[in-house]
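Novice: This is the structure, below, for whatever I ask next.
The values are calculated or read from the model by the stated rules, or taken from the named source; none is laboratory data. Everything numeric in this text was worked out from a predicted model, so none of it was measured. Cβ placement follows ideal geometry from the backbone for every residue including glycine, while neighbour counts extend to all protein chains displayed.
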């Protein structure tokens, strides 16, 4: 190779360097669609309220997941997880608004609508599918009456369920303090934690069959 005065051989111009650059560019082009796909999946998960387990967590059997979800119940908590046979699902999580022992608490909260979370367990997919169902609340002489809302909301709600600025504080059996503002997240979060710790995915359903 002939070099002029002051010239030198730059490493970037060698065949080996050019080869590495070409390979790097190809790898970047291959990673870009994958990164876009991951971002899109995360956005969709956020919109639907889907939560996934950490990598490597072994999946429990369906019966164990069901038992774990029912174990979230506490007598002093203002919500309950119960059998969902009346709704033709596996489980239902809801506020105890129809429980006479809780009328006063919910009346003070001024609830005008509440959400039931309908839950189905899919063992082959290690997945809990959940949908929110909105109910309107009418108070008569301090007693609530529930009916499906006219707009028939069915999907994923992030809204608060109460009308007035009221919070209920529950003292747990081991000194824990639970403060409720009656939002759907206050029911969903402990359930989602149970599901993901069991190696399952909590999938929020907004469209299609539960």
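Novice: Any idea how many residues of segment 177-209 are at pLDDT 75 or above and either touching a strand residue (DSSP E or B) at 6+ places or on another chain (Cβ under 7 Å) or part of a loop (DSSP other than H, G, I, E, B) (or both)? Show your work before the answer.
Specialist: Step one: of segment 177-209, the residues at pLDDT 75 or above are 184-205.
Narrowing the set further to residues that are either touching a strand residue (DSSP E or B) at 6+ places or on another chain (Cβ under 7 Å) or part of a loop (DSSP other than H, G, I, E, B) (or both) leaves 184, 186-188, 191-192, 195-196, 198-205.
Within segment 177-209, residues that are at pLDDT 75 or above and either touching a strand residue (DSSP E or B) at 6+ places or on another chain (Cβ under 7 Å) or part of a loop (DSSP other than H, G, I, E, B) (or both) number 16.
Novice: Quick check: is even one residue across segment 105-120 closer than 21 Å to residue 210 by Cβ, modelled with pLDDT of 95 or more and touching a helix residue (DSSP H, G or I) at 6+ places or on another chain (Cβ under 8 Å)? Reasoning before the result, please.
Specialist: Here is the first cut: in segment 105-120, the residues closer than 21 Å to residue 210 by Cβ are 113-120.
When the remaining residues are screened for being modelled with pLDDT of 95 or more, the result is 119-120.
Filter once more, keeping what is touching a helix residue (DSSP H, G or I) at 6+ places or on another chain (Cβ under 8 Å): 119.
Yes, that holds for at least one residue.
Novice: Cβ-Cβ distance below 6 Å, separation of 6 or more or different chains: which pairs start in segment 38-63 with a residue that is under 13 Å from residue 128 (Cβ atoms) and end on one that is modelled with pLDDT under 95 and not in a helix (DSSP H, G or I)?
Specialist: 48/156; 48/204; 48/206; 49/156; 49/204; 50/203; 50/204
Novice: Restricting segment 104-128 to residues that are assigned to a loop (DSSP other than H, G, I, E, B) and without any contact (Cβ under 8 Å) to a residue 60 or more places away in the chain, which is farthest from residue 200 (Cα to Cα)? Give the derivation first.
Specialist: So in segment 104-128, the residues assigned to a loop (DSSP other than H, G, I, E, B) come out as 110-112, 123-126.
Those still in the list that are without any contact (Cβ under 8 Å) to a residue 60 or more places away in the chain too: 110, 112, 124.
Details: 110: 36, 112: 34, 124: 10 Å.
Of everything passing the filter in segment 104-128, 110 is farthest from residue 200 (Cα to Cα).
Novice: Among the residues of segment 104-126, count how many are crowded, with 18+ Cβ neighbours inside 10 Å and under 21 Å from residue 193 (Cα atoms).
Specialist: 8
Novice: Name the residue, out of 81, 89, that is in a loop (DSSP other than H, G, I, E, B) and either at pLDDT 95 or above or farther than 27 Å from residue 124 by Cβ (or both).
Specialist: On the way: 81 fails: in a loop (DSSP other than H, G, I, E, B).
None of the others qualify; the one that does is 89.
Residue by residue, here is whether (1) in a loop (DSSP other than H, G, I, E, B); (2) modelled with pLDDT of 80 or more; (3) more than 23 Å from the chain's Cα centre (by Cα); (4) surrounded by fewer than 16 Cβ atoms within 10 Å (Cβ to Cβ) holds:
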{"residue": "102", "(1), (2), (3), (4)": "no, yes, yes, no"}
{"residue": "130", "(1), (2), (3), (4)": "no, yes, no, no"}
{"residue": "138", "(1), (2), (3), (4)": "no, yes, yes, yes"}
{"residue": "175", "(1), (2), (3), (4)": "yes, no, yes, yes"}
